[in-house]
Amino acid sequence: MEFTFRPVGIIRSCFKEKFGIPRQPGLVPEARAHLELLPPFNRAEALRGLDEFSHLWLLFVFHASPDTPNQTTVRPPRLGGNRRLGVFATRGTHRPNPLGLSVVKLLGIVEDQGQWRLELQGADLLDGTPVLDIKPYLPYADALPDAHGGFADVPPAPSLRVDFTPEALVRCRELAGERPGLHALIEQILQYDPRPAYRKGQEVDRIYGLRLFDLDVRWRAGEGWARVVELARVEDGSD
């Protein structure tokens, strides 16, 4: 059997590229996003009663991931990228069908000149992600205190202490008016060390780039630390 699905909305988030996106929802509370609803769901009646729920499940498409429909094993980053598990024992992006599932906090429902959107917190979603469905999070059914989480039974612990050079800190403060929470967002992302496992332990003079909004966040990392060295505007100015 084959099925065809249509998106109900498109995600607009601070994450403009895959590198740096939190590996699970909720790890970076300052990661805000909004979901722009598409017709015919871009109507008040489709959202009636949704504001009574604090959190939502989003079923979405890994639209920027390579097509790997026959891959049966993956290397979870949580295990250092050096141990293979079955694809169904992981939540990675390489899947038989490129579907993802994230729980996010609903901050509000906004209507602006006929366009309806959902304001979200704790999102781990790439900008432009197509969302196929929205379902309310039900605490009695979705939060199971006796459940076991295998190799990811507890949340990952922050592994890097994050600081800013004086120049980067000044720039971050200059941008605070247009990007509220930018300092905390960068700190929350980098503390979980988004580098691939094979990059960790390399020379500290390497500069990494992380795209947030229309900014290129440049940083270095060493044993237990990360330092933001520059925040530069991306030339195309896209947001």
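The values are calculated or read from the model by the stated rules, or taken from the named source; none is laboratory data. Every value quoted in this text rests on a predicted model; they were computed, and no experiment measured them. Neighbour counts run over all protein chains shown; Cβ positions are idealised from the backbone, glycine included. Note: accessible area is taken over every heavy atom of the protein model, side chains too, but ligands, DNA and RNA are not part of it. Shrake-Rupley method; radii C 1.70, N 1.55, O 1.52, S 1.80 Å.
Scanning the range 86-103 for residues that are in contact (Cβ under 8 Å) with a residue 24 or more places away in the chain and open to solvent by 30 Å² or more (accessible area, probe 1.4 Å) yields Ala89, Arg91, Thr93, His94, Arg95, Pro96, Asn97, Pro98, Leu99, Leu101, Val103.
Output the residues belonging to the range 1-28 that are touching a helix residue (DSSP H, G or I) at 6+ places or on another chain (Cβ under 7 Å) and open to solvent by 50 Å² or more (accessible area, probe 1.4 Å). Answer for the range 1-28, where residues must be touching a helix residue (DSSP H, G or I) at 6+ places or on another chain (Cβ under 7 Å) and open to solvent by 50 Å² or more (accessible area, probe 1.4 Å): just Arg23.
Does Tyr192 satisfy being open to solvent by 50 Å² or more (accessible area, probe 1.4 Å) and assigned to a helix (DSSP H, G or I)? Steps first, please.
Details: open to solvent by 50 Å² or more (accessible area, probe 1.4 Å): yes; assigned to a helix (DSSP H, G or I): no.
Considered against the rule, which asks whether it is open to solvent by 50 Å² or more (accessible area, probe 1.4 Å) and assigned to a helix (DSSP H, G or I), Tyr192 comes out as no.
Picking from residues in the range 54-68 that are open to solvent by 60 Å² or more (accessible area, probe 1.4 Å) and more than 16 Å from the chain's Cα centre (by Cα), the one that is nearest to Pro139 (Cα to Cα) is Ser54.
For the range 29-52, how many residues are open to solvent by less than 70 Å² (accessible area, probe 1.4 Å), touching a strand residue (DSSP E or B) at 6+ places or on another chain (Cβ under 9 Å) and outside any strand (DSSP E or B)?
Filtering the range 29-52 down to residues open to solvent by less than 70 Å² (accessible area, probe 1.4 Å) leaves 29-31, 33-38, 40-42, 44, 46-47, 49-50.
Add one more test, that the residue is touching a strand residue (DSSP E or B) at 6+ places or on another chain (Cβ under 9 Å), and what stays is 29-31, 33-38, 41-42, 44, 46-47, 49-50.
Those left that are additionally outside any strand (DSSP E or B): 29-31, 38, 41-42, 44, 46-47, 49-50.
Here the count works out to 11.
Restricting Ala226, Ala221, Ala184, Ala141 to those that are assigned to a helix (DSSP H, G or I), open to solvent by less than 60 Å² (accessible area, probe 1.4 Å) and touching a residue at least 40 places away in the same chain (Cβ under 8 Å) reduces the list to Ala184. Under 18 Å from the mean Cα position of the chain (by Cα), at pLDDT below 95, assigned by the TED database to the domain that holds Leu138 and closer than 25 Å to Leu212 by Cβ: is that true of Phe19 in this structure? It is true that Phe19 is under 18 Å from the mean Cα position of the chain (by Cα), at pLDDT below 95, assigned by the TED database to the domain that holds Leu138 and closer than 25 Å to Leu212 by Cβ. Within the range 160-181, the only residue that satisfies the criterion of being loosely packed, with under 14 Cβ neighbours inside 10 Å, farther than 21 Å from Asp214 by Cβ and not charged (D, E, K, R) is Pro166. The residue list Ser65, Ser54 contains one member that is in contact (Cβ under 8 Å) with a residue 24 or more places away in the chain and over 28 Å from Asp193 (Cβ atoms), which is Ser54. The set of residues in the range 104-120 being open to solvent by 40 Å² or more (accessible area, probe 1.4 Å) and at pLDDT 95 or above consists of Lys105, Leu107, Ile109, Val110, Glu111, Trp116, Arg117, Glu119.
In this structure, is Val154 of a type in the set (Val, Ile, Thr) and in contact (Cβ under 8 Å) with a residue 40 or more places away in the chain? Don't jump to the end; show me each part of the working.
Working: of a type in the set (Val, Ile, Thr): yes; in contact (Cβ under 8 Å) with a residue 40 or more places away in the chain: no.
So Val154 does not fit the description; no.
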